[in-house]
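One structure below.
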Amino acid sequence: MIPVKIRNLSYHYSFKGYAIELEEINNQNRKISIFVGPFEAQSIALAMENILSPRPLTHDLIVNLIFKMNQHIKSVVINDIKDGAFYALLKVRIDDEKTIEIDCRPSDAISIALRTDSPIFVTQKVMNKAKNSDKINFYDETSSKSLNENRKKVLEDKLNSAIKSEEYELAAELRDQILELKNI
């Protein structure tokens, strides 16, 4: 397993969404970007800045439940990619004897890891799949397509669909977005 850290959480205008950029601790050129919704991004941002909500958020509740039962988070692992979506496991140590694995979304796993100072890992399988696929949100700065190139391909596909369905106003908007990406 490859240890990673959060390098950045940012809004990507071209995707109209947020991306968590994870960077391999021992190789800062290898990164994966996982796109998340606004609520997940907010929860992660609060945890990154150690800001407590006046009332517990869902991730706070999960952490509180685990601690109240005298258990602890051992680690989180981003362990698979299927159809362009990342999957994760929350590893919880039970009674200091065994570890159970709980399936969860990577955004939830990362949010919980931040709240518990737990390590975040990515499996070698995920790094390899991500590095060799244009259909998922991954890039290696030295060899893979950039996020803008991936976004451009998505927009071009949508443009072709809009033209086929004779949605010319949408097609014009998509064309303009593609031109903006070419100028970056």
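Say we look at the stretch 42-59 and pick out the residues that are buried (at least 20 other Cβ atoms within 10 Å of the Cβ) and touching a residue at least 60 places away in the same chain (Cβ under 8 Å); which of these is farthest from the chain's Cα centre (by Cα)?
The qualifying residue farthest from the chain's Cα centre (by Cα) is Ala47.
Looking at (1) farther than 14 Å from Ser111 by Cα; (2) modelled with pLDDT under 90; (3) within 12 Å of the chain's Cα centre (by Cα), which one does Gly37 not meet, given that it meets all the others?
Status for Gly37: all satisfied but (1).
Could you tell me which of the residues Lys31, Lys16 is among the basic types (Lys, Arg) and closer than 25 Å to Leu174 by Cβ? Don't jump to the end; show me each part of the working.
Working: Lys31 fails: closer than 25 Å to Leu174 by Cβ.
Answer to the selection: Lys16.
Scan the stretch 99-126 for residues that are more than 18 Å from Gln42 (Cβ to Cβ), in contact (Cβ under 8 Å) with a residue 60 or more places away in the chain and assigned to a helix (DSSP H, G or I) and jot them down. Walk me through how you get there before you give the answer.
Initial filter on the stretch 99-126 (more than 18 Å from Gln42 (Cβ to Cβ)): 99-103, 116-126.
Add one more test, that the residue is in contact (Cβ under 8 Å) with a residue 60 or more places away in the chain, and what stays is 119-124, 126.
Hits for the stretch 99-126 are Gln124, Val126.
Tell me which residues, restricted to the stretch 14-31, are under 13 Å from Ser107 (Cβ atoms) and aliphatic (A, V, I, L, M).
The answer is Ala19, Ile20, Leu22.
Restricting the stretch 162-184 to residues that are part of a loop (DSSP other than H, G, I, E, B) and polar (S, T, N, Q), which is modelled with the highest pLDDT? Outline the logic, then answer.
Of the stretch 162-184, the ones part of a loop (DSSP other than H, G, I, E, B) are 165-167, 183-184.
From the residues that got through so far, the ones that are polar (S, T, N, Q) too are 165, 183.
Numbers: Ser165: 86, Asn183: 64.
Per the stated criteria, the residue is Ser165.
Take the conditions of a type in the set (A, V, I, L, M, F, W, C) and either within 19 Å of the chain's Cα centre (by Cα) or within 19 Å of Phe121 (Cβ to Cβ) (or both) and apply them to Phe67. Does it pass?
Values: of a type in the set (A, V, I, L, M, F, W, C): yes; either within 19 Å of the chain's Cα centre (by Cα) or within 19 Å of Phe121 (Cβ to Cβ) (or both): no.
No: the conditions fail for Phe67.
Does any residue of the stretch 151-161 turn out to be modelled with pLDDT of 80 or more and either in contact with a Phe, Trp or Tyr (Cβ under 7 Å, 6 or more places away or on another chain) or among the β-branched types (Val, Ile, Thr) (or both)?
no
In the stretch 60-104, what count of residues is obtained for those that are crowded, with 18+ Cβ neighbours inside 10 Å and hydroxyl-bearing (Ser, Thr, Tyr)?
Counting residues in the stretch 60-104 that are crowded, with 18+ Cβ neighbours inside 10 Å and hydroxyl-bearing (Ser, Thr, Tyr) gives 1.
Considering only the stretch 14-98, give the strands (runs of 3 or more DSSP E) lying wholly within it that have at least 2 residues that are among the basic types (Lys, Arg). Can you show your working first?
Details: elements: 17-24, 27-36, 72-82, 85-94.
Filter on the stretch 14-98 gives 27-36, 72-82, 85-94.
Within the stretch 69-84, does at least one residue satisfy the condition of being assigned by TED's automatic domain parsing to the domain that holds Ala130, touching a helix residue (DSSP H, G or I) at 6+ places or on another chain (Cβ under 8 Å), among the polar types (S, T, N, Q) and over 30 Å from Lys152 (Cα atoms)?
Yes, the stretch 69-84 contains a residue that is assigned by TED's automatic domain parsing to the domain that holds Ala130, touching a helix residue (DSSP H, G or I) at 6+ places or on another chain (Cβ under 8 Å), among the polar types (S, T, N, Q) and over 30 Å from Lys152 (Cα atoms).
The values are calculated or read from the model by the stated rules, or taken from the named source; none is laboratory data. Note that the structure is predicted; figures quoted are calculated from it, not measured. Heads up, the Cβs are rebuilt from the backbone with ideal geometry, glycines too, and the neighbour counts pull from every protein chain shown.
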